[in-house]
Each structure stands twice: as structure tokens, then as C-alpha cells.
Amino acid sequence: MSMTTPPGWYADPGVPGSERWWDGNGWTAHTRPLGGAVPSYQQGGQQASRQPRSARRGRGVVLGGVAAGLVLVATVVAGITLFGDDGTKTVPRSAPTTGEPAPGPTDGGDETPTAEPSADPTVLVDQLNGITLPIPDDWEKSESAVDRAVTMTTVADRECPGETNRYCRYGRVMSSTATQTDAAGPEALAKEDIEDASDALYDEDSIGNSFYGGVTSHTVVRSGEVTVAGRTGYLVRWKVETGSGPGGHVQSLAFPSTIGAESLIVVRFAFDAGPEGPPLAGMDTITKGIRAIGDTTGGVGSSIGPS
């Protein structure tokens, strides 16, 4: 008699100390620390010239695709479609499995798995951080495993301005727990992260590809406090100019999680400029629509203005 392992969180056979979501048929891209514990971490208009990204590597937080080692691990372990830091398609899709056998009582499987990640196409679920983000029309969830960030992108793409035969998404949003940072709160974290976000999304990816010709300069267009899922957060938004194409807007939004040790979360936004890019107001709409998982009250978002 055959026995099917039910969906749930199980010990990741490829990454010790982590759990991966088993959907009943194969491993997915959803991961979290073993046991479900949330790790505890410490919590305009001026023109600026750029330094080479190589001079700034190794600082900030690990988010949105700045660690090449994790990209390689995620590619091998998850075996899924991988989008680059800027939404470029880089690896053909394979079956969502690590090549290891299905979990079960004999290999550490949990017989009482937690709730399945949402299949709602209008909501992006960051289960590790306990939040959901609204998915705008003409956007979709990404199966990216880059640094284990939970990601959504525009459905539409086009040939990358700085590369031929590569395709970039017009808009990208990714949510992740902040790590390796000395920032004492949301404001410090957002101000610390924005340069790394700009680098990762418009300058170079983790293996040195420059899909937009590199960032040549930036302008701070917005900076200030904002209420996110009932918590006080902070955002910084830049307009970046690139060597190729119309450039874009990058935003780092930092706020405390609503669960566990209230670790700081960073949501990174990248909206290409130009007539085909997403409306910039969409950043505010997504920010105001962030909710704690299970919150069906609609929440309260604040107006966002410059400091």
C-alpha cells in the first residue's frame, strides 16, 4: 500500500538547520529555520555620484540577490526557475524537488504540518516573516529562490537595456528578513539598505552581470516614517540613472515583523522608469496593503511624505 506524505514543513534534506515546504508532491521554494523559530536580530532631492559596486561589496544586509553562494545553493537545492536579482530569466525550470526522497516519519517528517502557504493569486505570502503583500494587476508571484526572498514581478518583460538575449521585468518587489546588520531600527536599516538594493537591482547581479549598464547616479526622492501592518516603519526611495535604458525607482522599506522576536523586515521595490514601467504610485499601494498573515480587517496605512 502506498502512503502519500501530507503537505507541511519538514527538515530540508539539502540544507541542515532549515525546513522546506513539501506540497504533497515535491519540495517548494518556501523555507524557514528548523522548528519554525524566527531568528532574533538587532533591530530630499540631492544628487549623488556612484562608486564602483566592487568597492562596497560585503556590507549591509543579505537580500534580493547579493550573495552568490546562496544563489548557487538555492539553485542546486530547490531545482526551480530562478530569476536574477533584477528579474532576468537565467535558469530553465526543472521539477520542484531536491532529488531527495519525500519526507516521512522515517526521515524526520512532521506528522502535524503547519498551514499551507496561500494559493491566492492576489496575495504574496511571506510566511517566515508573517506578512502578506497585495499583488497588483498584471503582476505575478515569482518562483525565485534568490537569497530566499519572497518575490513578485510584473508579468511583462523586455530585453534588458544593457544585455542582449536577456529579459528583465519592468517591476520587482521582494520581502526578506534583515540579516548581518548593525541597524538599530527601521530608519537606520532603510537608510543602510537602499544603496545595496540599488546595486542589486540596477547595477550588477551577484555574479557581475550588468543588465542596465550600471547605476551612474541617484536622487533621493522620498524618505520618512510609514505605518506598515500596524507597525512603525521607514522607507527611503531613490530615482536611479543607469548607463543603459531609462533607469528606475528603488525603494527600501523596513519595519518590525508582527511575529516572534519582531525581527526587522526589508521589502525592496524596483520600478523601471519610462512609459512602460509600473506607475510609481504602485509602491505606495503595495506598502499600504501589507498585512499580518490572517489579518482580514484591511489594516491601516499612513500617508507617505518626504521627511
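The values are calculated or read from the model by the stated rules, or taken from the named source; none is laboratory data. Here the structure is a predicted model, which is why all the values come from computation and not from measurement. With ideal geometry, Cβ positions are generated from the backbone for all residues, glycine too; neighbour counts draw on all protein chains shown.
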Task: Matching residues, the stretch 155-167, being modelled with pLDDT of 85 or more and surrounded by fewer than 22 Cβ atoms within 10 Å (Cβ to Cβ) - done: Val155, Ala156, Asp157, Arg158, Glu159, Pro161, Gly162, Arg166, Tyr167
Task: Unmet requirement for Ser144, which otherwise passes all of (1) modelled with pLDDT under 90; (2) surrounded by fewer than 24 Cβ atoms within 10 Å (Cβ to Cβ); (3) of a type in the set (Gly, Ala, Ser) - done: (2)
TODO: Hey, can you tell me all the residues within the stretch 240-254 that are of a type in the set (Ser, Thr, Tyr) and assigned to a strand (DSSP E or B)?
DONE: Thr242, Ser252
Task: Hits in the stretch 225-236 (condition: assigned to a strand (DSSP E or B), in contact with a Gly (Cβ under 8 Å, 6 or more places away or on another chain) and surrounded by fewer than 18 Cβ atoms within 10 Å (Cβ to Cβ)) - done: Glu225
Open item on the list: I'd like to verify a number: residues in the stretch 103-139 that are surrounded by fewer than 16 Cβ atoms within 10 Å (Cβ to Cβ) and at pLDDT 85 or above, how many?
Closed with: 4
